[in-house]
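Shown next, in structure tokens, is the structure this report addresses.
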């Protein structure tokens, strides 16, 4: 006799959203995402979290800069010459940065802390997936605000207000390769705190706080692969703690960081 | 008229595996995982990747150490006294470490590079989820070999040899909270290399190599929550590159690392 009881195991479905058009400045991104999800037969539902890649958010917010409009400083020009890089791009990195964390012309490394507080290479600027070779795509000015806006747009279109995570691909200390991180959040607590909860043996656990928003961003990358047009992921079925949400909870204060 | 064509969007299903018994040293973990997956109605299939949490692997490999058997060195005892920690646990951390990366008694921080090359707090040792308060659970001696063994055990049981990732929860530089990382791999390339591939605009992309094994480990953590008995995740439907696989590809060489 088949067992029709509900499954006792947890599961999460991650769905890539395809079919969004090229994103122009000023578009209603939440509306477009909701329509694309509907069109492909996976409309946004009440147990969804949406992960939106930074690039389309930046394009919608007109954060694509023509390099011809950028006048490099002497400092930028000197580093660019030593590192063999475009001085206008280096200038943009410096403008987007609050502090330089590592700068090594020989290796071509420029790791900075952005005005938002993210520590990453080139202030999160990159030149891939931008139509014009002579332009660069900056991070949104306030990615949490971007996430809130997209959330409101999705709600207006569907009546559902899923948490929104804006993701970007960064390198890490100590490990090679890039992974996706959360750079903007709205509608959920980015952390899950296991401190003080009992483990499987009824003992109080010690230290673990999980950066679930970063894990969701990493999960989304499995379907939003770089070279194809999948700029959004729906993550379906994960319980989460509703909250205003902000990436600031994910960023270690400089005074507590031993690696800056 | 319903559209019965196959969906054009990518999707990945992540399933937690429950119902494994308490793990004793020497058990056939692959066999137990395959049976538990079968029992809950989600038998291992040809498009699966398995993520196994480090704790059950270490238990199966008898890497749980009684603290009463550990004699602290003077160095360990001095740090432990200053940091207010158990000197036997500090001694174990030092034994598991090839180098100390950050040591700060006032903050209670002891970040080391393990003999495997992982940079993490306390050499990856923790005391949660171990039955006896007076014991500590070390990382497997050779987690890639552990992954290969589990893979062979699963294949013997099911006829299917899915890639195996062994995961553990580490902190990060610059960001608060912990996420899951891959510490052992068998059967797949842990990296996806987008360098040289065309992006959505037909341009050659620049730098991105994705540490997909770390993203899979992070994905698994969404269902293998800490406080409940879900030590394994099945990740279903993600295309991957078959390979022998090793975590060494994920570890930046010390000479190329600017944060050690």
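What separates the residue B:68 label point from its copies, with the point 7 Å along Cα to Cβ, is 7.9 nm, written shortest first.
DSSP assigns beta bridges within chain A; of those with both partners inside it, close to 90 percent run antiparallel. Sorted from closest to farthest, the other copies place their residue B:256 label points 3.2 nm away, with each point set 7 Å from Cα along Cα→Cβ. The convex hull built on the alpha-carbon positions of chain A has an orientation-averaged projected area of 17.6 nm². Per the Debye calculation on the protein assembly as shown with a single equal scatterer at every Cα and no solvent contribution, log₁₀ I(q)/I(0) for q = 0.08 Å⁻¹ amounts to -0.51. Copy-to-copy label distances for residue B:209, where each label lies 7 Å from Cα along Cα-to-Cβ, are 3.3 nm in order of increasing length. Counting Cβ atoms of other protein chains within 10 Å of each residue's Cβ and taking the mean over peptide B:11-23 gives 5. The antiparallel fraction among DSSP beta bridges confined to the protein assembly as shown stands at about 90%.
Specify the angular offset, from 0 to 90 degrees and rounded to the nearest 10, of the alpha carbon long axis of helix A:212-221 from the longest principal axis of the alpha carbons in chain A. Orientation of helix A:212-221: about 80 degrees from the principal axis.
What's the Cα-based Rg to Rh of the range A:1-70, Rh via Kirkwood? Ratio value, two decimals: 1.21.
With only Cα atoms counted, the range B:116-187 has Rg and Dmax values of 14.5, 44 Å. Counting Cβ atoms of other protein chains within 10 Å of each residue's Cβ and taking the mean over peptide B:102-115 gives 1. For the range A:64-138, the Cα gyration tensor yields ellipsoid semi-axes of 17, 15, 11 Å (square root of five times each eigenvalue, largest first, whole Å). Counting only other chain Cβ atoms within 10 Å of each residue's Cβ, the peptide A:242-252 averages 2.
For the range B:64-138, the relative contact order comes to 29 percent (Cα pairs under 8 Å, sequence separation of at least 6).
Taking the average, over residues, of other Cβ atoms within 10 Å as the packing measure, peptides A:212-225, B:154-167, A:93-106 rank A:212-225, B:154-167, A:93-106 from highest down. Computed from the Kirkwood radius of its Cα pairs, the Stokes-Einstein diffusion coefficient for the range A:29-181 at 10 °C and 1.306 mPa s stands at 94 µm²/s.
Using just its DSSP H runs of length 4 or more, each adding -39500 (n - 2.57), chain B gives a mean residue ellipticity at 222 nm of -7000 deg cm²/dmol after division by all residues.
Once C-alpha pairs closer than 8 Å and six or more residues apart are averaged by separation and normalised to the residue number of chain B, the relative contact order reads 25 percent.
Just so you know, all these numbers are worked out from the coordinates, no wet-lab data involved. From a predicted model like this one, the values you see are computed outputs, not experimental measurements. Cβ coordinates were reconstructed from backbone atoms using ideal geometry, including for glycine residues, and neighbour counts include every protein chain displayed.
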